[in-house]
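Some notes on the structure that comes next.
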Amino acid sequence: MRFLIITHVLHKPIENSWFAYAPYVREMNLWLKYVDEVEIVAPVTKQLPSAIDTAYKDDNIIFTQIPEIAFVSLGRCVRSFFSLPFIIFSLFMACKRADHIHLRCPGNIGLLGCLVQICFPKKVKTAKYAGNWDPNAMQPLSYRLQKKIISSTFWTKNMTALVYGNWQNQTKNIKPFFTATFNEADKVTPTPREYSGHLKFVFIGGLVEGKRPLFAIQMVEKLNTLGYNASLEIFGDGILKQDLIAYCNSNSLNKHIIFHGNQDKNVIKKALQTTHFVILASKSEGWPKAIAEAMFFGVIPIATSVSCVPFMLNNGNRGILISDELEKAVTEVANHLPDYNLLAEMSKKATLWSQQYTLEGFEYEIKKLIVA
């Protein structure tokens, strides 16, 4: 079987290997165990791999390079517009060669892939929609179009679209799904935390506007002003890093806030084993792996009610759902902190829930989508 991946993820060639964003590649490596040959259609960058990149395990990848497209400035719009005919032609020919078409959405390349796949109604298709599938979410037009196309049983045939969360009134194309990071062997009974002393918080993710890392910093800052001994470790990098460091410097937060940059899975895993809380106040999410990974080790999630987060936190029974307004969020967290028994129970429930979703179970579900 020839398996085609259409994605916007930037790829980095090093000798005979292809590197890309590690969580995406680790997932695709599971898919590729069950195919004979693979073709990837994606943009390429000259940047060297970083700590958050890893390589595909398949050595026989057929790679079709296409330009990266974006519409964030006039110059990028013009270049992207003139690239469209070449990209669409490349996608069409790749779909024609494929036995199984796999789309990675949402993204600009994913949108083009959604349009091109309509021309191949008899081919088997899957789509991984890694964004927020909430029908009521406010999203860009391109995201809404991708959701409309892949869920439509008129335009899109032979499609299984994997989405996060179990939403009402969905078409037969839509299959609720999950993702995983850890193996069965990683399961441990977390060491019980002590919530009466130093409280360790963690933020894991890109230091970008959508993830709201400043919100996490200010939450810990305000908890300290309320008399709690709280610290925050930040794992991740991004365009806001220097601004965040400047904020910590100007507000004398350096003893409370620690920036670690991008780190590999094992470093983060070790940190999670002694952390009390993970903060994710995102504006939008798909399946927030930072939360699921932290819960695996008994870390209590503190998160805004977006996408499938209320499901993950069981509407507040295995985590703290917060407002997207800072003062209200701090109050909600502070109201929970004196109840040590409740926090310990939340930690146990978080672990039990998250440890259902292992890589072995994830691979089993993926295999069912490929192997008839």
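Things to note:
- The criterion of at least 3 residues that are open to solvent by 10 Å² or more (accessible area, probe 1.4 Å) and closer than 26 Å to Cys105 by Cβ is met by the following helices (runs of 4 or more DSSP H) wholly inside the range 226-316: 289-296.
- Test result for Asn136, touching a Gly at 6+ places or on another chain (Cβ under 7 Å) and outside the structural domain of Ser305 (by the TED database): no
- Residue match in the range 87-110 (condition: under 22 Å from Ile174 (Cβ atoms), of a type in the set (A, V, I, L, M) and part of a helix (DSSP H, G or I)): yes
- Only listed residue being of a type in the set (Ser, Thr, Tyr), under 27 Å from Ser282 (Cα atoms) and free of Cβ contacts under 8 Å to residues at least 60 places away in the same chain, chosen from Tyr164, Tyr143, Tyr129: Tyr143
- When Arg193 is tested against (1) in the same structural domain as Lys270 (by the TED database); (2) outside any loop (DSSP other than H, G, I, E, B), only condition (2) is not met.
- Residue within the range 331-351 that is open to solvent by less than 60 Å² (accessible area, probe 1.4 Å), touching a Pro at 6+ places or on another chain (Cβ under 6 Å) and modelled with pLDDT of 95 or more present: yes
- Selection of the range 1-41 for residues being out of contact with any Asp or Glu (no Cβ under 9 Å at 6 or more places or on another chain), open to solvent by less than 30 Å² (accessible area, probe 1.4 Å) and in a strand (DSSP E or B) yields Ile6, His11, Glu39, Ile40, Val41.
- Total residues in the range 354-371 satisfying the condition of being in a helix (DSSP H, G or I), of a type in the set (Val, Ile, Thr) and within 23 Å of Val309 (Cα to Cα): the figure is 1.
- Filtering the range 18-38 to residues that are in contact (Cβ under 8 Å) with a residue 40 or more places away in the chain and small (Gly, Ala, Ser) leaves only Ala22.
The values are calculated or read from the model by the stated rules, or taken from the named source; none is laboratory data. All values reported here derive from a predicted model rather than from experimental measurement. So basically every Cβ, Gly included, is an ideal-geometry build from the backbone, and we count neighbours across all protein chains shown. Just so you know, the surface numbers come from the protein's heavy atoms only, side chains and all, with ligands and any DNA or RNA stripped out. Shrake-Rupley method; radii C 1.70, N 1.55, O 1.52, S 1.80 Å.
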